[in-house]
Amino acid sequence: AQGHALKGPLRAAAKNPKYAVMKTVEVETPQKQTDGTTKTVVETRQVMQLPDEYYAIADGKPNTAVPNMSNPKVWDLYAEHYIEYFKTHPNERYVSLSAEDGIVTDDRPNSEALSSGEYDWMPGAPAVTDKLWFFHNRVIERVVKEVPNAKFGILVYANNMAPPRIERVHPNMALVVAPLGVSPLHHVR
């Protein structure tokens, strides 16, 4: 299992009243006009959303594709998600815990403190391997207490190409080096 899956538990939890809350949001909706053109209409709706404390902060706004890596409540949310998955899919050996495409950032001071402080020249951004693996290790430790044979596929490229300097590779991690010959970030060798 190696797909981009880091935001999956956040999406699921956003529909779960145990975690989510009702919020009033403005939504832009395209509406077709009688002359065939489309007009954008802003509507106010009530929607279930996770509180911002569950998400990373990037440029002062919640990034709904990245968890708040330093929040123990988020580790518990992810662990619960994966424990449930493995219990309802007993023949599955692996699940992906890989980051989405794009640069992973979490500007929260507690999350920034998890970084090795290195700059990774390949993606042109700070290295996030230690930050990601700190989060992964906290989640995996919680899961294997209940599902000892649970394994987690972790894509190793772009977001976490630099080796970890602080964290360790958890024995239940399966590292998958992405063979991307077409990417300018990855030489075919």
Unit charges on C-beta of K, R, D, E only; dipole of the range 1-95, Debye: 200 debye
Please list 92-105, 116-129 highest first by mean number of surrounding beta-carbon atoms within 10 Å per residue. 92-105, 116-129
Round to the nearest 10 and give me the degree value, 0 to 90, for the angle of helix 72-88's Cα axis relative to the longest principal axis of the chain. 80 degrees
With everything on Cα atoms, drop me the angle between helix 129-146 and the longest principal axis of the chain, reported from 0 to 90° to the nearest 10. 80 degrees
Using Cα positions and a limit of under 18 Å, work out the lysines in reach of K87, with same-chain residues fewer than 8 apart set aside. K145, K151
Show K145, K7 ordered by accessible area, largest first, where the area counts protein heavy atoms only and the probe is 1.4 Å. K145, K7
Please list E112, E167, E28 from largest to smallest accessible area, probe radius 1.4 Å, with all protein chains kept in place. E28, E112, E167
Amide H partners (placed H, <5 Å) of D120, local residues excluded: A125, A127
Using Cα pairs closer than 8 Å and at least 6 residues apart in sequence, work out the relative contact order for the range 46-189, in percent. 23 percent
Rounded to the nearest 500, what is the 222 nm mean residue ellipticity of the chain from helices alone, with -39500 (n - 2.57) per DSSP H run of 4+ residues and division by all residues? -7500 deg cm²/dmol
What's the local net charge at H81, with K and R +1, D and E -1, over the other residues with C-beta under 14 Å away? +3
Listed residue (N68, G117, Y78) projecting farthest to the positive dipole end of the range 49-147, Cβ model: Y78
Relative contact order of the range 1-130, pairs being alpha-carbon contacts under 8 Å that are 6 or more residues apart, as %: 27 percent
When Cα extents along the principal axes in Å is calculated directly from the model, which label among [x] 97, 44, 34; [y] 64, 40, 34; [z] 58, 40, 35 fits? [z]
If the only charges are +1 at each Lys and Arg Cβ and -1 at each Asp and Glu Cβ, what is the size of the charge dipole of the chain around the Cα centre, to the nearest 20 debye? 500 debye
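The values are calculated or read from the model by the stated rules, or taken from the named source; none is laboratory data. All values derive from a computational prediction rather than experimental measurement. Reconstructed Cβ throughout: ideal geometry from the backbone, glycine too, with neighbour counts over all protein chains shown. Note: areas computed on protein heavy atoms with side chains; ligands, DNA, RNA excluded. Shrake-Rupley method; radii C 1.70, N 1.55, O 1.52, S 1.80 Å.
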